[in-house]
Structure formats: C-alpha cells, structure tokens
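The values are calculated or read from the model by the stated rules, or taken from the named source; none is laboratory data. Every value quoted in this text rests on a predicted model; they were computed, and no experiment measured them. Heads up, the Cβs are rebuilt from the backbone with ideal geometry, glycines too, and the neighbour counts pull from every protein chain shown.
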Amino acid sequence: MSDAPDLVIDVRGLNKSFGALHAVKDFGIQVARGRICGFLGPNGAGKTTTLRMLCGLLTPDSGEGSVLGFDVMKQAREIKQRVGYMTQKFSLYEDLTIEQNLTFAARVHDLDRRKERVQAALERLGLVERRAQLAGNLSGGWKQRLALAVATLHEPDLLLLDEPTAGVDPEARRTFWDEIHAMSAEGMTVLVSTHYMDEAERCHEIAYIVGGRTLARGTADEVVDASGLITFHAEGPGADRLAAELRTKPGVEMAAPFGTVLHVSGRDRTALEAAIAPYRKPPLEWEETRPTLEDVFIQLIHDLEAEKRRAA
C-alpha cells in the first residue's frame, strides 16, 4: 500500500499576469485531503488570484497540476462544480432572506434534495431562528455564517476561503474556526487566506507568499524553526522606541515594537547579542524568546526587499 498522501491540490509553476503585473509567479502547493492550509501574505501578494485559479474562475497563463484530480489548465468547469468558494466581500443577495439565499444557491447548483440540504445548512450554522431575516440586515458575523452555508451547500470536497473573518468580532471568528475544524474532521480540505496570526496557528500547515512567490511553507513550528531567527524581547519604559536605533546595528535583522514590548531578531547570535548589549540594563528587562510567526514574516519581507535592492 502506498504511503503517498491523497492530494486534493497538487499544482506547480502556476503563473498569472494582468498586463504588466505578474501577480502570481511559479506558484506551487500540495494540500492533502482533510487538511486546513493557511494562506498568508501582505495585500497584493497574489493570494486572491491564486485562489481564483485553484477554484476554476481564472485560467493560469502557465503551469500544471490538478485540483480534486482535474487538470487545473483544462478542466475548470469540473473543478468549479466540486469546490466551495467564499469571497472576501459578502456577495449574496441582501434583499433576500437567509433561507431564500440558500434556496436560490441550491437551484443555481441544480442540487437534489434542496429542502433537506437547506434545512441541514440552517441547522449546522445556527441559522434556523434567523431563516426569515433579510441578509442585508445581518451583522458581519451572521453574514459570514450565511456565506459559509452557501459555499458548502453542495457538499464540496474542497473549500477555498478568501479572508473570511476580516472585520468580524473575536467571538464570531472563534465560532467560525470551530466549524471549519469540524468540516475538516469530516474529510473536507480547506485553503484559507488570512492576516491573523492566531488563525494561522490554528491551521494544520501554512504557506506564506509575497509578490506571488512562496517564501515559507510547513506547520507553524516548522516555519519558525526554518527561519533560523534568534529573538530577544525587551520590556520597560521606552523599549518600543528603541526599534529605529537598533535596526542600524550590525547583527540586527529585525526590530519591531509590539505595543510596549520590543522584539529584536537576527541569525548571528554573537553579533545580535553584541548589538543589544549596551541596552541590557535597568529599567529594561530582556529575555530570549521563541520567534513568533509575525517575527518570521516581517523578516521574510525584509529579506525580499534586500534581495530586490541587490538586484537593482
């Protein structure tokens, strides 16, 4: 018996340009069945374009691979029928009720057992008591639940979520992620783009892209370990105001304030400790700590900018 994972997404070398803008560059990713993969990167990194290629809405300019066993270059129609896609912007009909939106989506997908599916979706996402409420009158959290209900109404094997919790309160985000993990446990594969580090850590694995390129991939722990960063944080009066000064010191590759706490990172321990030595005195308190994902991602962007300067 093969030990190879059952890959739901297996693509390599995907490229997409819009005029002079090369939005996605030689992108590749493999995601196994039942896994939740977090898709991270700054605005303009190519996340939405990539998701739209993977769900069959955009055809790559070049590349190869498969989504749910279908050729990503040639079988977009088959992929679209089997993928659930939740856009960043709420795109359902605000003048229809929750139940009417679900019923309409069931008709668009030409689903069987429509009433049964709609009722099941209402129950699963806690929408039964609000079924007659107009979508336009819902709060952000309830709109999110409705959008997720519509995206999964046809029981897709793959769910693609584009910034699904942007602008949603913490309790609604937590409820949403509990539901995503429940779906994953039932075998659904999820690729979700997010800006929230706590959400990234709830994923089974993450991929970080900048400028359409994948700069890091693996579990959160693997990404942190692979960075090679050594991080110290300082607390005390004025610690956060030292960032600009420390960035000029040899051995300091990243210095960033997080509230009143300062994180300072580098890959050369000797040089880094020499750089912060003059500041390691009261009232500041220094401690070596494990780098956070945010430390790593800030450093990845700095590395990419340095690479661009060298190539200029």
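Odds and ends about this structure:
- Residue 38 farther than 28 Å from residue 301 by Cα and either within 20 Å of the chain's Cα centre (by Cα) or assigned by TED's automatic domain parsing to the domain that holds residue 183 (or both): no
- Residues in the stretch 121-139 that are part of a helix (DSSP H, G or I) and more than 11 Å from residue 150 (Cβ to Cβ) were compared, and the one that is nearest to the chain's Cα centre (by Cα) is 124.
- Members of the stretch 185-204 that are in contact with a Lys or Arg (Cβ under 7 Å, 6 or more places away or on another chain) and modelled with pLDDT of 95 or more: 189, 204
- Qualifying residue in the stretch 285-296 (condition: among the aromatic types (Phe, Trp, Tyr) and more than 22 Å from residue 198 (Cβ to Cβ)): yes
- Filter result for residue 219 (surrounded by fewer than 17 Cβ atoms within 10 Å (Cβ to Cβ) and either in contact with a Ser or Thr (Cβ under 7 Å, 6 or more places away or on another chain) or polar (S, T, N, Q) (or both)): yes
- Note on the stretch 13-61: residues that are charged (D, E, K, R) and buried (at least 21 other Cβ atoms within 10 Å of the Cβ) amount to 2.
- Here the stretch 239-257 is the region considered, the condition is being under 31 Å from the mean Cα position of the chain (by Cα) and exposed (fewer than 14 other Cβ atoms within 10 Å of the Cβ), and the residue that is nearest to residue 298 (Cα to Cα) is 244.
- Counting only strands (runs of 3 or more DSSP E) that fall entirely inside the stretch 191-247 and contain at least 3 residues that are of a type in the set (A, V, I, L, M, F, W, C), assigned by TED's automatic domain parsing to the domain that holds residue 46 and in contact with a strand residue (DSSP E or B) (Cβ under 8 Å, 6 or more places away or on another chain), the qualifying elements are 205-210.
- Among (1) closer than 22 Å to residue 200 by Cα; (2) free of Cβ contacts under 8 Å to residues at least 12 places away in the same chain, the one test that residue 277 misses: (1)
- The stretch 47-77, residues that are of a type in the set (Gly, Ala, Ser) and farther than 21 Å from residue 194 by Cα: 62, 63, 65, 66, 69, 76
- For beta carbons closer than 8 Å, sequence separation of 6+ or different chains, a first residue in the stretch 108-127 that is among the hydrophobic types (A, V, I, L, M, F, W, C) and a second that is surrounded by fewer than 16 Cβ atoms within 10 Å (Cβ to Cβ), the qualifying pairs are 122/128; 122/131.
- Yes/no for residue 118 being modelled with pLDDT of 95 or more, touching a Leu at 6+ places or on another chain (Cβ under 9 Å), in the same structural domain as residue 38 (by TED's automatic domain parsing) and in a helix (DSSP H, G or I): yes
- Single residue of the stretch 149-177 satisfying the filter (under 16 Å from the mean Cα position of the chain (by Cα) and part of a helix (DSSP H, G or I)) that is surrounded by the fewest Cβ atoms within 10 Å (Cβ to Cβ): 174
- Members of the stretch 53-101 that are without any contact (Cβ under 8 Å) to a residue 24 or more places away in the chain and of a type in the set (D, E, K, R): 71, 74, 77, 78, 89
- Filtering the stretch 284-304 to residues that are of a type in the set (Val, Ile, Thr), assigned to a helix (DSSP H, G or I) and closer than 12 Å to residue 220 by Cα leaves only 296.
- Summed over the stretch 72-94, the residues that are surrounded by fewer than 19 Cβ atoms within 10 Å (Cβ to Cβ), in a loop (DSSP other than H, G, I, E, B) and either of a type in the set (Ser, Thr, Tyr) or touching a Gly at 6+ places or on another chain (Cβ under 6 Å) (or both) give a count of 4.
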